[in-house]
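Here the structure comes first, spelled out in C-alpha cells, and everything after it is commentary.
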Amino acid sequence: MSEATPTMAIETRNLTRQYGKLTAVQDLNLAIPKGSLFGLIGPNGAGKTTTLRMLAGLLEPTSGEIILNGNPIQQNLTILRRQIGYMPDFFGVYEDLLVWEYLDFFARCYELPARRRKVIIDELLDLVDLTEKRDAYVHTLSRGMRQRLCLAHAMVHDPQVLLLDEPASGLDPRARVEMRELLRELGAMGKTVVLSSHILSELAELCDSIGIIERGRLVASGRLDLIRAQLQEGRRLHIHLLSDAAEAEAILRNQPGVGRIEADPVNGASGVKLDVDFSGDENAVADLLAALVSRGTRVVSFSENRTGLEEVFLRLTKGEVA
Amino acid sequence: MKQWMARSGFRLGVNPIIVKELRSRMRGPRAFITLTIVLLLTGGVLFGLLQLVLATSRYTTVLSPQLGQGMFAALAYLELFMICAITPAVTAGAISGEKEKQTYEMLMATPLSPARILWGKLISAMSYVLLLLFAAIPLASIVFIFGGVAPREMIKALVVLLVIAITVGILGLFMSALFGRTGWATVASYITVVLMTAAPIFIAVLVGVLRQSEPPRWILAPSPISALAAALAPSLSQSDSFFQLFYVLSGIWNIGISPISQTEIPRPLYHYSLPFYGSLSLVLYLMTMRLVQPTRRFRIRAREALVGAAILMVFCGLVAAAFLLTAGRYEWARANGLGFDPTPAPIMPPPVIAVEQQVVQIYPPPGGPTPTPLSRPTSTPAAPGEVTLNEEARAQIYAAVARQLYTVDHTFGDQPPNWPVIYLVQTTDDGVGDPNTPKEEPVTLDEATMQSISAALADLPAEIRWTASSDEVAKDPQTGQVEGNGVIVTFGNLHAQKDGSVHVPASLYFSGLGAAGKTYILEFIDGQWTITGTTGVEWTS
C-alpha cells in the first residue's frame, strides 16, 4: 500500500466525497506510480466511478486532495486537464458525425493545430484498429468499436494519465481481448493507466497494481504480487508421491508452517496425491521440498496452486459481495 | 487579459462546438426538410394573404400601400410566430442533450471552458434559427409590389425580431442548463415564451378593466407582440381598412399596440422593450454560464457576481447613453411643449421616406374660367397662424389637387394618359395620402363646392362625374380597372397648419395595381391656393 516510489502519477490524500448523507468515497489514499497499469476493483456502487470522476476533475471532493504529477489538481484544473484522458463508463457518441470528425472535434477541444489533428487522428485510428471506419458514421459502429473510439478520444492530446471507467464492460470476449491488447500497448508506451472494473479476472491479467475498494473505502492497494503475498494466509501445495503417504506425512508434520494434509489416491496412476496447506514464503516452500527429497521420498510432481485474485477479493470483502 | 479572455469564452480560432453542431445539424435531409417546410409555410400564408387582398380589392377600395403595409405586418408576425415556435426547440436541447447523450462529461473533461461551450451552442443554434428567418426574406419582397413600406421600416422590424430571437434562444439555453432534461427544458421555455407574450396584454386588460381607465402602456413592454407592433406602428394605423378584415387580429392589435401619442410614455414602446430583452438576455446568459459548470452549479462566487454586475452596469450605461442621445426627439420635445398637441407627428422621428417638401410643377389652367379671387382669411384666427377656410377656398384647393393628380402625378411619366372620365369621390377619406396624416372624420362635400370644383376643372379633357364612394364606380372584376378608362380621385380633409399652409391627402385610382396617393401642401400665394409640395410618405403601385 505505501510503496515509496518517488515518482507518483497520481496521489490522493484522504479523498472523501459525500452526496448528502451518503458517503461515496471515504479517506481514500491512493498512490499510483508513473507508467503503471492500475486497476480499481470493487463491487458495483463501491465508489469506483466517483473516484475516477474526482481524478478527472469532474467532481469536486468534499475533502482531501488529489495530486497529479506532483501538482494539486484543484488549483489549475484546465492545465491539468491536458494531462488527463478520461473515458467515462457510460459515454455518448454524436449522431450524424463521422468517426474522424468525432476525433477531430475532441482534438479541436484540446486546441490542436490542424496539421497535428490530421496526423494524430490517423495514428489513433490505427492504434485502436478503426482505420477502415474512418469515414463511417459513429452511430453505425458496434459496441466494441465505440468503446475503442471512446478510448481513442481520450488520447487525442497524448495525455500521460488515462482514466478508464469500466473499459471492458459490455464487450464480447473477442472485443475484450482486443481491448486488453490495446491497454497492454498503452502500458508499453509508458502511459499511466487507471482502470476500473468489477470483473476481477480482467484486471488480474492486465494490471501490475490494484486497489480494492469497497463501500467507499480502500481495502488494499499496491502491486499485485505484493498484495497476493500480503493476503497469502496459506498456500496450497499439490504433491504427487510414489512412496508411502504416511511416511511423507510424518516428514511434513515436522516442518514449520504445515497445516492440514489431505491424501487422495491418484486416478489412473500409481502413487498418492497430497494436498498440503502451507504458510510460508517461497524459500520455505523450497525447504519443504528439499526436506522431502533428502529423506528419500520419491516426488513425481510438486506444485503450488496460487490463490486467484477472485479468492483474494472474496476474502478481502469477507464474502459480503453479492 | 489573454487568460481572462480565454476563460470567458472569447478565444481566437473556431469554437469546436460550432464546427461540430453545424456539421451534424446541416447534414442529411433534416435541415433541408425543415427549411423547405418553413419556406412553404411562409409562402403559403403569403399567397393566401395575397389572394385575400386581391379578392378584397375587388369589392372595396383598399389602397395599395395599405395592402403592402398590412402584408408586411402579417409577415412580421408570421416570422415572430416562427421564432417563438422554432427557437426553443433548437436551444432547449443544447445543454441537456449533451447530458442525455452522456457526452457532457466528456466535454467537461476537456479544457474547453463551459463558457465557450455555451457560446458555441448559442451561436450555432441562433445561426440555424436565423437561417430559417433570413431564408424567408426574399418572400417578403412581395410587399414591394404594393409599396407602402420603407426599407427603414423593414430594418426596424427585423432588428426587433432579431433581438426577440436571441432572447428566446438564450431563454432556451438557460432552461436547458437548469433542468438538464430536454423535455422539461422545452416545456418550460414554451411556457415562459407564452407567458412573456400574453401575460402583459392580459395584465394590461385587467388593470384597464379594474381601474376603468387606460392601463399604463409600459406594462406591455415585455410582450413581443406589442414590441413588434410598436416597431411597425409608423407604417400602420389602426384605421387601416386592411386590418379591419381581421377582427381578431385587430383586437389584439388595438390592445397590444402602443400608440406613440400616449401621454404617459414619450417613446415608442419598443424603445423600452429592446433594453428589456437585452438585459433579460444578459442576466440569463450570465446565470447559464454558472449553471453549465460541472461542479457547484448554484454557488455563485463573489468575483463572478462582480463581473456580472459590471457587465450589466455597462449595458445599462449604453442604454442610458442611447436614450440621452435621442432624448431631443422624445422626452425633451415633450417637456418643452413643442408640438404638444394631440397629433403624434411632431414628436415622431422624421417619417420614413423619400420625397419631402419637394416643389411640384403645376400646369396653370390654360385660359378657362378664371377662379374667383380668394381672400386670405384674416378674421381673427383662433390660434396664431391658423387659417380658416371658406367654401371658395375649399373648392379651389380640391380643384388644384385633382388637376395635379390628373395632369402631373398620374404615374405615367411624361405622357399624360388623359383618362376620358374623372370620378370625384364626394366623401373625404384621410387614409388616402401619407399614412401619418392625422385621421379625421370623413366629410361629405356640399353641392356648391362640388359645382365649383367641376367648374374649375372644366378645361381638362375629361368628363367630371361625382360619386358617393369609389365602390360605386363600376370596375373590371379581374383587374380592378375602372370601366370606361375612368380614374377615381379621392380627397382627404383639409388640415390647416400653423404656418398658414394646408395639407390635403389625395389619391388617384385607375386599376387594382395602378394607383398613387400623397399628402399635398398648398399655400396661399398671390391670391390663389397653389400646390407647393408634398409631405410625408408617398405611395405608388
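The values are calculated or read from the model by the stated rules, or taken from the named source; none is laboratory data. What you see is a predicted model, and the numbers here were worked out from it, not measured in a lab. Don't worry about glycine lacking a Cβ; one is built from the backbone with ideal geometry, like all the others, and counts go over all protein chains shown.
When B:Val504 is evaluated against the numbered criteria (1) part of a strand (DSSP E or B); (2) farther than 18 Å from B:Leu405 by Cα, which criterion, by number, is the only one it fails? Unmet condition: (2). Go through the stretch B:86-107 and report how many residues are among the acidic types (Asp, Glu) and either buried (at least 23 other Cβ atoms within 10 Å of the Cβ) or at positive phi (or both). Qualifying residue count for the region: 1. When B:Phe144, B:Phe47 are checked against the criterion of being closer than 30 Å to B:Val432 by Cβ, of a type in the set (Phe, Trp, Tyr) and in contact (Cβ under 8 Å) with a residue 12 or more places away in the chain, a single residue qualifies: B:Phe144.
The criterion of at least 3 residues that are modelled with pLDDT under 75 is met, among helices (runs of 4 or more DSSP H) falling completely within the stretch B:209-284, by B:241-244, B:247-256.
Can you name every one of the helices (runs of 4 or more DSSP H) wholly within the stretch B:46-115 that holds 3 or more residues which are of a type outside the set (A, V, I, L, M) and within 12 Å of another protein chain (Cβ to nearest Cβ)?
So the answer is B:94-100.
Would you say B:Gly172 is within 14 Å of another protein chain (Cβ to nearest Cβ) and of a type outside the set (Ser, Thr, Tyr)? So B:Gly172 fails the test. Do we find that A:Arg108 is over 16 Å from A:Leu183 (Cα atoms) and within 8 Å of chain B (Cβ to nearest Cβ) in this structure? Yes, satisfied.
Checking every residue in the stretch B:67-86 against the condition of being modelled with pLDDT of 85 or more, closer than 30 Å to A:Cys109 by Cβ and more than 27 Å from the chain's Cα centre (by Cα) gives zero matches. The condition of being of a type outside the set (Ser, Thr, Tyr), touching a residue at least 60 places away in the same chain (Cβ under 8 Å) and surrounded by fewer than 20 Cβ atoms within 10 Å (Cβ to Cβ) holds for only one of A:Gln160, A:Gln74, that being A:Gln160. Mind checking whether some residue in the stretch A:40-53 is more than 13 Å from chain B (Cβ to nearest Cβ), among the basic types (Lys, Arg) and either buried (at least 17 other Cβ atoms within 10 Å of the Cβ) or without any contact (Cβ under 8 Å) to a residue 60 or more places away in the chain (or both)? Scanning the stretch A:40-53 turns up at least one residue that is more than 13 Å from chain B (Cβ to nearest Cβ), among the basic types (Lys, Arg) and either buried (at least 17 other Cβ atoms within 10 Å of the Cβ) or without any contact (Cβ under 8 Å) to a residue 60 or more places away in the chain (or both).
Going through (1) touching a residue at least 40 places away in the same chain (Cβ under 8 Å); (2) facing chain B (nearest Cβ under 10 Å); (3) of a type outside the set (D, E, K, R); (4) buried (at least 21 other Cβ atoms within 10 Å of the Cβ) one by one, A:Leu97 falls short only on (4).
Determine which member of the set B:Met175, B:Met126 is modelled with pLDDT of 90 or more, on the phi < 0 side of the Ramachandran plot, within 28 Å of the chain's Cα centre (by Cα) and in a helix (DSSP H, G or I). Full working, then the answer.
Working: B:Met175 fails: within 28 Å of the chain's Cα centre (by Cα).
Selected residue: B:Met126, the only one of B:Met175, B:Met126 that is modelled with pLDDT of 90 or more, on the phi < 0 side of the Ramachandran plot, within 28 Å of the chain's Cα centre (by Cα) and in a helix (DSSP H, G or I).
Going through (1) closer than 22 Å to A:Asp208 by Cβ; (2) surrounded by fewer than 19 Cβ atoms within 10 Å (Cβ to Cβ); (3) more than 14 Å from chain B (Cβ to nearest Cβ) one by one, A:Gln83 falls short only on (3).
Confirm whether B:Ala402 is modelled with pLDDT of 75 or more and within 21 Å of B:Ala496 (Cα to Cα).
Numbers: modelled with pLDDT of 75 or more: yes; within 21 Å of B:Ala496 (Cα to Cα): yes.
Yes: the conditions hold for B:Ala402.
A:Tyr102 meets the conditions (1) within 8 Å of chain B (Cβ to nearest Cβ); (2) within 18 Å of B:Asn15 (Cβ to Cβ); (3) at pLDDT 90 or above in every case but one. The failed one is (1). When the stretch A:155-176 is limited to residues that are under 25 Å from A:Asp135 (Cα atoms) and not in a loop (DSSP other than H, G, I, E, B), the one that is nearest to the other protein chains (Cβ to nearest Cβ) turns out to be A:Ala175. Give the residues of the stretch A:225-258 that are surrounded by 18 or more Cβ atoms within 10 Å (Cβ to Cβ), modelled with pLDDT of 80 or more and under 34 Å from the mean Cα position of the chain (by Cα), sorted by residue number. Answer for the stretch A:225-258, where residues must be surrounded by 18 or more Cβ atoms within 10 Å (Cβ to Cβ), modelled with pLDDT of 80 or more and under 34 Å from the mean Cα position of the chain (by Cα): A:Leu237, A:Ile239, A:Val258. Of all the numbered requirements in (1) farther than 26 Å from A:Leu274 by Cα; (2) without any contact (Cβ under 8 Å) to a residue 24 or more places away in the chain, A:Ser221 misses one, and that requirement is (2).
State the number of residues belonging to the stretch B:522-541 that are assigned to a strand (DSSP E or B) and under 25 Å from the mean Cα position of the chain (by Cα).
Summing the residues that are assigned to a strand (DSSP E or B) and under 25 Å from the mean Cα position of the chain (by Cα) in the stretch B:522-541 gives 7.
Against the condition farther than 15 Å from B:Tyr272 by Cα and either assigned to a helix (DSSP H, G or I) or not β-branched (Val, Ile, Thr) (or both), how does B:Thr192 come out, does it pass?
Here the answer is yes, as B:Thr192 does meet what is asked.
Only one entry in A:Gly92, A:Gly64 is in a loop (DSSP other than H, G, I, E, B) and either in contact with a helix residue (DSSP H, G or I) (Cβ under 8 Å, 6 or more places away or on another chain) or surrounded by fewer than 22 Cβ atoms within 10 Å (Cβ to Cβ) (or both), namely A:Gly92. Reported count of residues in the stretch B:316-331, each being farther than 12 Å from B:His271 by Cα and surrounded by 15 or more Cβ atoms within 10 Å (Cβ to Cβ), is 2. Looking only at residues in the stretch A:25-50 that are in a loop (DSSP other than H, G, I, E, B) and within 22 Å of A:Asn69 (Cβ to Cβ), the one that is nearest to the chain's Cα centre (by Cα) is A:Ser36. Check B:Thr449 against each of (1) over 31 Å from the mean Cα position of the chain (by Cα); (2) in a loop (DSSP other than H, G, I, E, B) and name the one condition it does not meet. Every condition holds for B:Thr449 apart from (2).
Hey, among the residues in the stretch A:163-193 that are among the basic types (Lys, Arg), crowded, with 16+ Cβ neighbours inside 10 Å and at pLDDT below 85, which one's farthest from A:Glu205 (Cα to Cα)? Once the filter is applied, the top-ranked residue is A:Arg176.
A:Gly222 - would you say it is of a type outside the set (A, V, I, L, M, F, W, C), surrounded by fewer than 22 Cβ atoms within 10 Å (Cβ to Cβ) and in a strand (DSSP E or B)? Walk me through it before giving the result.
Details: of a type outside the set (A, V, I, L, M, F, W, C): yes; surrounded by fewer than 22 Cβ atoms within 10 Å (Cβ to Cβ): yes; in a strand (DSSP E or B): yes.
So A:Gly222 fits the description; yes.
A:Ala56 - would you say it is within 11 Å of chain B (Cβ to nearest Cβ), out of contact with any helix residue (DSSP H, G or I) (no Cβ under 7 Å at 6 or more places or on another chain), of a type in the set (Gly, Ala, Ser) and in contact (Cβ under 8 Å) with a residue 60 or more places away in the chain? For A:Ala56, the condition - within 11 Å of chain B (Cβ to nearest Cβ), out of contact with any helix residue (DSSP H, G or I) (no Cβ under 7 Å at 6 or more places or on another chain), of a type in the set (Gly, Ala, Ser) and in contact (Cβ under 8 Å) with a residue 60 or more places away in the chain - is met. Restricted to helices (runs of 4 or more DSSP H) entirely inside the stretch A:95-154, those with at least 3 residues that are in contact with a Lys or Arg (Cβ under 6 Å, 6 or more places away or on another chain) are A:99-109.
Restricting attention to the stretch B:116-126, and to residues there that are in contact with an Asp or Glu (Cβ under 9 Å, 6 or more places away or on another chain) and away from chain A (no Cβ under 13 Å), which single residue is surrounded by the fewest Cβ atoms within 10 Å (Cβ to Cβ)? Looking at the filtered set, the residue picked out is B:Ile123.
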